[in-house]
Amino acid sequence: MASLASRANPLLRTLPHFLTWRALGFSTICSGRLGFASQSEQLDTETSVAGTKVLENFKEEFEIGSRLITLETGKIARFANGAVVLGMEETKVLSTVASTKGNDVRDFLPLTVDYQEKQFAQGVIPNTFMRREGAPKERELLCGRLIDRPIRPLFPSGFYHEVQVMASVLSSDGKQDPDVMAANATSAALMLSDIPWGGPIGMIRIGRIAGQFIVNPTMDELCLSDLNLVYACTKDKTLMIDVQAREISDRDLEAGLRFAHPEAVKYLEPQMRLAAKAGKHKKEYKLSMLSDRTLERVRELAEAPIEAVFTDSTYGKFQRGEALDNITQDVKRVLEEECDEESLKVLSKAVDTVRKKVVRRRIIAEGLRVDGRRLDEVRPLYCEAGNLPQLHGSSLFNRGDTQVLCTVTLGAPADAQRLESVVGPSTKRFMLHYSFPPFCINEVGKRGGLNRREVGHGTLAEKALLAVLPPEEDFPYTVRINSEVMASDGSTSMATVCGGSMALMDAGIPLREHVAGVSVGLISEVDPSTGTIKDYRIVTDILGLEDHLGDMDFKIAGTRKGVTSIQLDIKPAGIPLDIICESLEPALKGRIQILDHMEREISAPRATDDRNSPQLATLKYSNDSLRRLVGPLGALKRKIEEETGGRISVSDGTLTVVAKNQSIMEKVLEKIDFMLGREIEIGGVYKGVVTSVKEYGAFVEFNGGQQGLLHISELSHEPVTRVSEVVSVGQKLTLRCIGQDVRGNIKLSLKAALPRPGSGEDNVHKESVPSLKAAPKYLSSTEATFSGPDKHNDTSDTTQELLVNKNLGSDVNPTSSSVPVILIRSAAECDEEEKSAALTRNSKNKSKSFGSSEGDKKSKPFSRKKGEKESNSIAKSRDGDEVKQNIASLIHSSRDTEAETEAPVTAKSLKLGTKVTAKVYQIRARGLVLDLGGGLRGMYRFETNGRKDFEIGDELRVECSSFSSKGIPVLSLVDDEWV
């Protein structure tokens, strides 16, 4: 603006200096204010810019682990009571604190902690309709709790002024989790403010990779770590612990805690230096303290009757609560008669203080608990699995008066929860939702949105169970557990862990082990003058009353092998780490007792009825075929889902189908087969529609538009004179593929799919996709596998398990599957082999495959090529008896030869009795996958009391003992010796 004025009126340039605003001691008009300039501004007239404000900035830099950390204040949010920006590499978090100035009468600390992760921090616009962030997400609530838990105990007793903490992620590089950074920034902001607080605190994250502890691990390092430990402390006491682990032993966990404490203490000194430079003087706030006179008067009136209630172990939760309320009302009437208004205002807090002293004194002095249990005794247990048989999985878990109902629902991979956080994965396939309705404590209340307590308890149980779930490649389902608290008297989150583990077993999910949880409490006696603990007792499986009146709620969940999750919350201003580590042993004993009861109810994944259990199938198709299935804007896919009730997920070359039961799965696969088709096999049953009727037979469209001939001789077991008497155009038929002629035409049979006259046997193949019929209930893998529940005992079932995800697309090369497709040689193929051998006197490895071209040397699934017209000359199929005779002669000749080949084995050369050297390709739960060379693989099933100590790469001498129904070689060891 000044330059424009100069150009408009050149005389302004020639004004004498004594007539200018700056010479008169005023700031410029452009600065937006009229007033005298500061002395520094007057002195620096040459270099300073008009209207520029210089912010006083204070900064501290220090290093923890290999990370450079900065604490900065004075530049951002200057009006807040305290504001600090903490940076680690390119991630920066702002934390601010503020408090009210009023003196409202309360009996609790109204502390609110809000944590925000807005999408601008990672350079992303929200994809919501309004393009802005909505209600707090689960992760934001959990991070808010992580900040709240360590700072709350350090506010002085009687400080009941409202305090609000707001932590916001300013920028994120995706490498560091901002939650720990926000907690340390909050501690520094409280130190700078005038709010009375007993900090500072330090919070650290510890990981462990290959047995080595890592300080401040990145998100990539956490993926490899078997420990995610968040530890908060003051200089000499522990404030908060949060752990997610993969069955880490108690000894290793203790080592991690002792390693974390000195690392967390490194945050304290920089905060104190920053507070010394930029902090405010602590303000004198009015504290709401009980007077000694009021406390003594209430103690005289209530102590004896309260002690009488607590010494009677026959009281239940509500009977005890009702008796204590009656005592409070009796004290109130006495105080009203005495007109003691001061005591009446704080009556509830005074009575609660007396209750606390009575309970704590009895536990420390006499070792007696409210319900009469020993200090290390777990409440009576009741476990029930499968109480809701219609659901995928269910369980009911009781511990004392605490009762939890858990249910399991399985879904498709597309049902996974989508996450929008600045760090971590984008989806979550395992969810545990914890619900705490008002009726579980006999209260009336409203059900709202996400509750911080419910989210925190559910996440704790979710982390405990996540460690024992099978990996995603072996178990592709999305799993949701619902935990409904039916009655609460302490440790409902640990009851959720126990009930959830049983419900997962009931659903047939192959968990490695059961997981159980127990809560450990602490009752301590503190020296008032020094604040040190003089005496204490550790209490196992605490009641709700013991949680309220005690010092610690230490929730520990795990298996027999180790710990999977921990959450520690305390009420005093810190507990020595030695006491925390001492609590691990009674927690382990209590956990073992609970695991024993759970395993007596259900100890292994349940093998449920396949007809009612959820089904999942993973099919391989080309992307062109998948596009045809999805249709424009997904219209065809949605239509199939609406008509059948199944769920379809499409990804690159993969089609995943999830159905509630087997009947729904059959409906979905039938529609998919009709639209896309699949690999055609001899003996496979297909559904088709008659497109034309000729004198010699009928042409049928099936398997995604392919054409096959139904010859007049294959219409019925009885002689047929006219084709039109049996079938008509448009009629739907269930047919069996019986072969292929030399021109590649597919031959179908209606009589082969009908029961034989005079026999009670049903000859109809009842599954449209044979490879899915005997598939494991929950497992569909693209490679050979022996994992999952052990409910397939014979060799045929194991082979079908190997072929669950065989290439089913009609236009996809089956050799792309990791398990090679091997078709059983038919009689026609054997005849051609023998003719070829007689003419050329060559090796049997060069025989021509059934239905292949002259130059094709590999076995191919016979499928009709696109655009190929049907031929009117179809050769008649061989008689069934002749086929059986040829197969029998082939098996007999192969057994007689006992051929032991040294040349590379192929699918054609491999016969019964062939001996070959194979390498161990994969080791599974029930056997081995062996590499025979040349892309051919077979299987060996572990024998009872036989050798099982194999390693990948071992060479074995094996013999082909049989072929499975899908043509996979079944092998046996030669003299049970290694090569």
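The heavy atoms of residue 355 present about 40 square angstrom of accessible area, all protein chains included, probe 1.4 Å.
Charge tally around residue 91: other residues with Cβ under 12 Å, Lys/Arg +1 each, Asp/Glu -1 each, net -3. Here the 3J(HN,Hα) profile of the stretch 467-479, calculated from phi with Karplus coefficients 6.51, -1.76 and 1.60 at θ = phi - 60°, is 5, 10, 6, x, x, 5, 5, 8, 9, x, 5, 8, 10 Hz, Gly and Pro shown as x. Here is the list for the stretch 645-695: trypsin sites (Lys or Arg not before Pro) lying in DSSP coil, each with at most 15 other C-beta atoms within 10 angstrom of its C-beta, are 694. The amide H of residue 621, built 1.01 Å from its N in the peptide plane, has 654, 655 as neighbours under 5 Å, considering only residues 5 or more places off or on other chains. Here the spin labels are modelled as points 7 Å beyond Cα on the Cα-Cβ line, and at residue 323 and residue 974 they lie 8.2 nm apart.
For residue 113, the residues 5 or more places off, or on other chains, whose built amide H falls under 5 Å of its own are 165.
Only protein heavy atoms count here; under a 1.4 Å probe, residue 173 has an accessible surface of about 50 Å².
These residues, 345, 75, go from largest to smallest accessible area, 1.4 Å probe, as 345, 75. Placing R0 at 56 angstrom, the Cβ-Cβ distance between residue 312 and residue 917 gives a FRET efficiency of 0.10 after rounding to 0.05. For a quick check of your reading of the filter: which GluC sites (Glu not before Pro) in the stretch 161-257 sit in a DSSP loop and have no more than 15 other Cβ atoms within 10 Å? Within the stretch 161-257, the qualifying GluC sites (Glu not before Pro) (loop, at most 15 other Cβ atoms within 10 Å) are 162. Placing +1 on each Lys and Arg Cβ and -1 on each Asp and Glu Cβ, with no other charges, gives the stretch 575-636 a dipole about its Cα centre of roughly 600 debye.
Quick check: from the Cα gyration tensor, does the stretch 684-753 come out rounded (a/c under 1.5), prolate or oblate? Rounded. Each residue of the stretch 347-359 was assigned a 3J(HN,Hα) from its phi angle through the Karplus curve 6.51 cos²θ - 1.76 cosθ + 1.60 (θ = phi - 60°); the sequence is 4, 4, 5, 5, 5, 5, 5, 5, 4, 4, 5, 5, 5 Hz, with glycine and proline shown as x. The HN-Hα couplings worked out from phi for the stretch 499-509 by the Karplus form 6.51 cos²θ - 1.76 cosθ + 1.60 (θ = phi - 60°) are x, x, 5, 5, 5, 5, 5, 5, 7, x, 6 Hz, whole numbers, x standing for Gly and Pro.
Would you please classify the overall shape of the stretch 492-574 from the alpha carbon gyration tensor, given that a ≥ b ≥ c denote the square roots of the eigenvalues, rounded means a/c under 1.5, and beyond that prolate means a/b larger than b/c while oblate covers the rest? The shape class here is prolate. Per residue, the average separation of C-alpha pairs within less than 8 Å and at least 6 apart gives the stretch 58-278 a relative contact order of 22 percent. Considering every alpha-carbon pair of the stretch 914-973, the percent of pairs per 10 Å bin, from zero through the bin containing the longest distance, is 24, 62, 15, 0. Using 24 Å as the Cα-Cα cut-off, could you pick out the over-long pairs in 235/561; 357/534; 911/948; 357/446; 175/280? In this structure, 235/561; 911/948; 357/446; 175/280 lie more than 24 Å apart at Cα. Computed with every protein chain present, the accessible area of residue 346 is close to 50 Å² [probe 1.4 Å].
Applying the criteria of a DSSP loop state and at most 13 other Cβ atoms within 10 Å to the chymotrypsin sites (Phe, Trp or Tyr not before Pro) of the stretch 62-113 yields 79, 108. Surface composition of the stretch 58-278: carbon plus sulfur atoms contribute 53% of the solvent-accessible area (1.4 Å probe, protein chains only, all chains present).
The values are calculated or read from the model by the stated rules, or taken from the named source; none is laboratory data. Since this is a predicted model, take the numbers as computed values, not measurements. So basically every Cβ, Gly included, is an ideal-geometry build from the backbone, and we count neighbours across all protein chains shown. Ligands, DNA and RNA are excluded from the accessible area calculation, which covers all protein heavy atoms including side chains. Shrake-Rupley method; radii C 1.70, N 1.55, O 1.52, S 1.80 Å.
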